[in-house]
Amino acid sequence: MSVTVVSSLGRMGRWEPDARGRLQQAAMQLFLEHGYERTTTADIAARAGLSERTYFRHFPDKREVLFDATHLLERLVVEAVAAAPAGAAPLDALSAGLRAGGEMLDGRRDHALARATVLASHGELRERELAKMSGLVAASAAALVARGVAEAPALLTAEAGVAAFRVAFDRWVAEAASPPLPDVVDTVLAELRIVVAPA
């Protein structure tokens with residue numbers, strides 16, 4: 001897979017805004033150029049034109065620079081689940097949340113593709129991704145419970161829905177001419193519905 005990350009960091013001074021975004025961009029560039037293992041937090045900070053102390057003000061360790069968007073993903077999913085129509089079935093409410101998450105990632109396709117490349121190259125990062133997805137399952141289940149869904153069905157729905165989201169994401173990344181991620185999410189969720197409730 002060919003991934004291009006825009007390089008404009010060299011001209012930036014320490015005073016310029018968006019240190020967090022600059023650190024994320026610098027990290028992605030370095031991980032792709034030199035590999036995750038060979039890149040240090042000092043390297044990332046230097047590429048971004050910032051101090052290593054600034055790096056640690058934004059991220060607790062080297063891994064977390066890759067997982068910052070998972071907090072936004074989780075928030076978007078939970079908010080959309082909460083905003084789903086009152087009579088929506090649990091999977092329909094969760095589908096609205098997963099579609100919202102898909103819209104966010106679709107708007108960052110280059111970053112998402114680069115990140116997927118980095119994660120695929122390192123077992124520790126893949127494990128971290130699974131842990132983050134477990135967090136999304138828990139948050140989704142809690143959002144469904146808040147809508148009045150019983151705990152066991154809420155957890156089952158969340159597990160199945162997030163698994164479908166991961167399948168959709170992998171399909172979207174693998175196909176250069178893939179439809180927008182929200183549409184792929186809808187397709188995979190439709191496939192899930194056929195599996196669990198065949199006609």
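The values are calculated or read from the model by the stated rules, or taken from the named source; none is laboratory data. Keep in mind the model is a prediction, meaning the values are calculated, not measured. When we count neighbours, we look across all protein chains shown, and the Cβ atoms used for this are built from the backbone with ideal geometry, even at glycine.
Being over 10 Å from the mean Cα position of the chain (by Cα), in contact (Cβ under 8 Å) with a residue 40 or more places away in the chain and either buried (at least 19 other Cβ atoms within 10 Å of the Cβ) or farther than 27 Å from Ala27 by Cβ (or both), is that true of even one residue in the range 72-79?
Within the range 72-79, one or more residues are over 10 Å from the mean Cα position of the chain (by Cα), in contact (Cβ under 8 Å) with a residue 40 or more places away in the chain and either buried (at least 19 other Cβ atoms within 10 Å of the Cβ) or farther than 27 Å from Ala27 by Cβ (or both).
Quick test of your reading of the structure: Asp43 fulfils all but one of (1) modelled with pLDDT of 95 or more; (2) in contact with a Ser or Thr (Cβ under 8 Å, 6 or more places away or on another chain); (3) among the acidic types (Asp, Glu). Name the failing condition by number.
Every condition holds for Asp43 apart from (2).
Check every one of the helices (runs of 4 or more DSSP H) wholly within the range 33-112 and list those with 2 or more residues that are under 16 Å from Val162 (Cβ atoms).
Those helices (runs of 4 or more DSSP H) span 69-83, 90-106.
Out of the residues in the range 134-188 that are assigned to a loop (DSSP other than H, G, I, E, B) and among the aliphatic types (A, V, I, L, M), which is nearest to Ala93 (Cα to Cα)?
Taking the candidates together, the pick is Val149.
If a residue has to be assigned to a helix (DSSP H, G or I) and either aromatic (Phe, Trp, Tyr) or surrounded by 16 or more Cβ atoms within 10 Å (Cβ to Cβ) (or both) to count, how many in the range 118-128 make the cut?
Of the residues in that region, 4 qualify.
Would you pick out the residues in the range 21-40 that are surrounded by fewer than 17 Cβ atoms within 10 Å (Cβ to Cβ) and in contact (Cβ under 8 Å) with a residue 40 or more places away in the chain?
Listed by number, the residues that qualify are Gly35, Glu37.
Within the range 146-158, can one find any residue that is touching a residue at least 12 places away in the same chain (Cβ under 8 Å), surrounded by 13 or more Cβ atoms within 10 Å (Cβ to Cβ) and in contact with a Gly (Cβ under 8 Å, 6 or more places away or on another chain)?
No, that holds for no residue.
Suppose we filter the range 41-56 for residues that are basic (Lys, Arg) and either under 10 Å from Leu23 (Cβ atoms) or surrounded by 17 or more Cβ atoms within 10 Å (Cβ to Cβ) (or both); how many remain?
The number of residues fulfilling the criteria is 1.
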